[in-house]
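Read the figures in this text as sums done on the coordinates, not as results from a lab. Fair warning: this is a prediction, and the values are worked out from it, not measured in the lab. Cβ: placed from backbone, ideal geometry, glycine included. Neighbour counts: every protein chain shown.
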Amino acid sequence: MNATTLTSTDLKKINRSKVFENIYNNKITSRQTIATDLNLSLPTVNQNLKELEEMGLIEKNGLYQSTGGRKAQMISCVHTARIGIGVEILKSISYISAIDLYGHSLEESSLMLQFDNSEECFRKLSDWINQFIREIPYPEEHILGVGIGIQGLTSQDGKKATYAEILGATDMSLDSFSRYISLPCILIHDSEAAAFAELWHQKDITDGVYVSLNRNLGGAVILNKHIYHGQEARSGVFEHMCMVPDGKPCYCGKKGCIEAYCSANSLKELIKESGIEEDFNSFFNYLRHGDKIRRDIWTAYLKNLALAISNIHTVLDNDVILGGLVQTYIREEDITDLYHFVREYYPFPLHNFSIKPGICGERSATIGCALYYIDEFLKGI
């Protein structure tokens, strides 16, 4: 038999996948609409609906308004039929989220814990993850897995941290967690997870550069609707590009890295160097009310960020998506100023270039980590 010949089982699976995808994308639909959209017979649609309902993936929920004949049944995807768990581990706090099939957060929690790469720390984090899973109102058999985001680079297979100096956990193994967690687990670079969350929720993104303005800066490259990892999974590590030779020290041991000038921590340092002791909420409140000192600090930060973006854009001629902690405070007028500063640094005219704010917020990494399993599940139906 020709290797390309499809069996009846293959065709059934393809049709089931198409029917589910149609329901998933339309949110609410009917048998006749599905049949029309997919050019399938009603008996074929009915059989697939029966199978998907038995799998717990779809449900009937009401009737459409009558247009003169029999009222059509409303059919929708059960958005909690499968759940992904996303974890983000930072140096002094960790976050966890349960995410549904549409990428929406269902439950969230956090744990104040100083990460120290010890067996005791791994046990505490794993116990917290397991407790979260037990306490959310969804059966464990519906939970697909746990994506664990770390501040560092990971191996291509997600089983090892290849560089994680912030956490002091270079060469950390996934087994440090998975031995305590019964569900499938994977290690994910937090910046790539955050970029994937933006890519998932902003369907118009095809190519782009993601810059995470969290406490420590991170980045990722998006090419053809996928995260580009590079040959050794080191793509998008913009934070360690040198911006100021022999400049401010970076945690990597070098000097003048973008990290030292554009991260949220670097903005805090600028504020502190000006003799101001306050959190970001207070800083931006005074800034928006016209305080000159804070305006000068913010302008200095935006110019640093603009220089970094200009350098990145010189190599990767794509739009920039901003995310992370600082991005949550950025307004439209800040984007306008930032674009103006980038145009001053960039050597060529900027015609179709844009800087876009992310939409997933400060917890985009936990969302992206969970979506790893959601995406794999949806591809396999």
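For the chain, the Cβ-based charge dipole about the Cα centre amounts to some 940 debye (Lys, Arg positive; Asp, Glu negative; other atoms uncharged). Take 261-267, 185-191, 159-165 and order them by the average number of nearby Cβ atoms within 10 Å per residue, most first; the result is 185-191, 261-267, 159-165.
Indicate the gyration tensor shape class of segment 83-196 (rounded, prolate or oblate), computed on the Cα atoms with a ≥ b ≥ c the square roots of the eigenvalues: a/c under 1.5 is rounded; otherwise a/b larger than b/c is prolate and the rest oblate. Prolate, because a/c is 1.5 or more and a/b exceeds b/c. The Rg/Rh ratio of segment 12-77, with both radii computed over alpha carbons and Rh defined as the Kirkwood radius, is 0.94.
If you keep only loop residues by DSSP, which trypsin sites (Lys or Arg not before Pro) in segment 1-98 have at most 13 other Cβ atoms within 10 Å of their Cβ?
Taking segment 1-98 and a limit of 13 other Cβ atoms within 10 Å, the loop trypsin sites (Lys or Arg not before Pro) found are Lys27, Arg70, Lys71.
Largest mean-square fluctuation among Ile23, Ile150, Ile258, in a Gaussian network model of the chain whose springs join Cα atoms under 10 Å apart, belongs to Ile23. Here the calculated FRET efficiency for Asp175 and Leu63, from their Cβ-Cβ distance with R0 = 51 Å, stands at 0.50, rounded to the nearest 0.05. In the chain, the DSSP beta bridges split such that about 65 percent are antiparallel, to the nearest 5. Helix 332-345 sits at what angle to the longest principal axis of the chain, using alpha carbons and giving 0 to 90 degrees rounded to 10? Roughly 60 degrees between the two axes. Annotation: the antiparallel percentage among DSSP beta bridges lying fully within segment 203-358 is about 60.
Between Arg343 and Met241, the FRET efficiency estimated from the beta carbon spacing at R0 = 22 angstrom works out to 0.65.
Take the Cα of Ala72, step 7 Å toward its Cβ, do the same at Leu350, and the gap between the two points is 4.6 nm.
Remark: segment 96-110, residue by residue, has Karplus-estimated 3J(HN,Hα) of 9, 9, 9, 10, 8, 5, 9, x, 9, 6, 9, 9, 9, 7, 9 Hz, where x stands for each Gly or Pro and the curve is 6.51 cos²θ - 1.76 cosθ + 1.60 at θ = phi - 60°. Using only Cα atoms, locate the centre of segment 326-381 and the centre of segment 27-41, then give the distance between them in Å, rounded to an integer. About 35 Å separates the Cα centre of segment 326-381 from the one of segment 27-41. Of the residues Leu187, Ala35, Ser118, the one whose Cα sits farthest towards the positive end of the charge dipole of the chain is Ala35 (charges of +1 on Lys and Arg Cβ, -1 on Asp and Glu Cβ, taken about the Cα centre). When the listed pairs Lys18/Lys60; Lys248/Lys356; Lys248/Lys272; Lys248/Lys268; Lys91/Lys254 are checked against a 23 Å cut-off, the alpha-carbon distance exceeds it for Lys248/Lys356.
Loop-located GluC sites (Glu not before Pro) across segment 258-331 with a Cβ neighbour count of 15 or fewer within 10 Å are Glu277, Glu278, with loop assigned by DSSP. Label sites at Glu376 and Glu135, each approximated as a point 7 angstrom past Cα along Cα to Cβ, lie 2.6 nm apart.
What are the GluC sites (Glu not before Pro) within segment 189-249 that DSSP puts in a loop, where the Cβ has at most 12 other Cβ atoms within 10 Å? For GluC sites (Glu not before Pro) across segment 189-249 that sit outside H, G, I, E and B with at most 12 neighbouring Cβ atoms in 10 Å, the list reads Glu232.
For a protection proxy built on the mean count of beta-carbon atoms within 10 angstrom, sort 134-140, 320-326 highest first, please.
320-326, 134-140
Relative to the longest principal axis of the Cα atoms of the chain, helix 190-201 runs at roughly 50 degrees. Subtracting the Cα-Cα distance of Asn285 and Glu53 from 0.36 nm times their residue separation leaves 78.4 nm of extension gain. At full extension, Asp157 and Tyr228 could sit 24.1 nm farther apart than now, given 0.36 nm per residue minus the alpha carbon distance. Put a plus charge on the Cβ of each Lys and Arg, a minus charge on the Cβ of each Asp and Glu, and nothing anywhere else: the dipole of segment 83-196 about its Cα centre is then about 140 debye.
Based on the Cβ-Cβ distance from Asn117 to Glu21, what FRET efficiency comes out when R0 is 45 Å, to the nearest 0.05? For R0 = 45 Å, the calculated efficiency reads 0.60.
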